[in-house]
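Visitor: Below is a structure I'd like to ask you about.
The values are calculated or read from the model by the stated rules, or taken from the named source; none is laboratory data. Quick caveat, the model's predicted, so the values are computed rather than measured. Cβ sites come from the backbone with ideal geometry, for glycine too, and all protein chains shown count toward neighbours. For the accessible areas, the whole protein counts, side chains as well, though only heavy atoms, and no ligand, DNA or RNA atoms are used. Shrake-Rupley method; radii C 1.70, N 1.55, O 1.52, S 1.80 Å.
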Amino acid sequence: QVQLVESGGGLVQAGGSLRLSCAASGRTFSNYPMGWFRQAPGKERDVVATISWYGGNTYYTDSVKGRFTISRDNAKNTVSLQMNSLKPEDTAIYYCAAGPPYGDYENSRDFRSWGQGTPVTVSS
């Protein structure tokens, strides 16, 4: 199992940008599809973006398309989420997650390894 630690959350005004990072350790990072999820107050945790284990394919939930970009650096065992044009509705705890080795990056329900989360607050 891979261990994950997120960083980069904070408070930002609407229209601003943040970059979240996730450092992975414990297993061969490049074998794992990776993703970012978020949980807003009073809501369930939902997928935001995922990336294939080989890095060639990505998925974004509709509400962040064109604003967020997920990327990975397999040499550094990191996955990042660049968030631009942030909106108050993006306020949530953001979690980094890993799917099963060589798993389908589009099957977010199979993601089982989680970080501790990093809070993002977007003020209006």
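Visitor: Considering only region 97-109, I want to know if a residue exists there that is closer than 19 Å to residue 19 by Cβ and either of a type in the set (D, E, K, R) or within 12 Å of the chain's Cα centre (by Cα) (or both).
Guide: Going through region 97-109, the residues closer than 19 Å to residue 19 by Cβ turn out to be 97.
Remaining after also requiring either of a type in the set (D, E, K, R) or within 12 Å of the chain's Cα centre (by Cα) (or both): 97.
Yes, region 97-109 has at least one match.
Visitor: What tally of residues in region 35-61 results from selecting those that are polar (S, T, N, Q), within 12 Å of the chain's Cα centre (by Cα) and crowded, with 19+ Cβ neighbours inside 10 Å?
Guide: The initial filter retains those residues of region 35-61 that are polar (S, T, N, Q), namely 39, 50, 52, 57-58, 61.
Now narrow it down to the ones that are within 12 Å of the chain's Cα centre (by Cα): 39, 50, 58, 61.
Next, from what is left, pick out any that are crowded, with 19+ Cβ neighbours inside 10 Å: 50.
Selection size over region 35-61: 1.
Visitor: Here is a further query. Using the structure shown, decide if residue 81 is touching a Cys at 6+ places or on another chain (Cβ under 9 Å) and within 18 Å of residue 122 (Cα to Cα). Step through it out loud before you land on a result.
Guide: Details: touching a Cys at 6+ places or on another chain (Cβ under 9 Å): yes; within 18 Å of residue 122 (Cα to Cα): yes.
Judged against the criteria, residue 81 is a match.
Visitor: For region 18-28, name all the residues that are of a type outside the set (D, E, K, R), under 15 Å from the mean Cα position of the chain (by Cα) and farther than 12 Å from residue 115 by Cβ.
Guide: Kept after step one, since they are of a type outside the set (D, E, K, R), are these residues of region 18-28: 18, 20-26, 28.
Those still in the list that are under 15 Å from the mean Cα position of the chain (by Cα) too: 18, 20-24.
Scanning region 18-28 gives a single hit, 18.
Visitor: How about region 46-104: which of its residues are without any contact (Cβ under 8 Å) to a residue 40 or more places away in the chain, among the aromatic types (Phe, Trp, Tyr) and closer than 17 Å to residue 118 by Cα?
Guide: 68
Visitor: Sort out which residues of region 68-77 are over 11 Å from the mean Cα position of the chain (by Cα) and crowded, with 16+ Cβ neighbours inside 10 Å, and write them in order of number.
Guide: Quick first cut of region 68-77, residues over 11 Å from the mean Cα position of the chain (by Cα) only: 73-77.
Matches in region 68-77: 74, 77.
Visitor: Let me ask something additional. Those residues that are open to solvent by 30 Å² or more (accessible area, probe 1.4 Å) and under 21 Å from residue 108 (Cβ atoms), I need them from region 9-22; list them, please.
Guide: If the condition is that a residue be open to solvent by 30 Å² or more (accessible area, probe 1.4 Å) and under 21 Å from residue 108 (Cβ atoms), then 9, 21 are the ones that fit.
Visitor: Of all residues being of a type in the set (Asp, Glu) and closer than 20 Å to residue 31 by Cβ in region 81-117, which is most open to solvent (accessible area, probe 1.4 Å)? Just the residue, please. Working first, answer last.
Guide: In the first step, residues of region 81-117 are kept if they are of a type in the set (Asp, Glu); the result is 89-90, 104, 106, 110.
Next, from what is left, pick out any that are closer than 20 Å to residue 31 by Cβ: 104, 106, 110.
Values: 104: 83, 106: 120, 110: 65 Å².
Filtering region 81-117 for residues that are of a type in the set (Asp, Glu) and closer than 20 Å to residue 31 by Cβ, the one most open to solvent (accessible area, probe 1.4 Å) comes out as 106.
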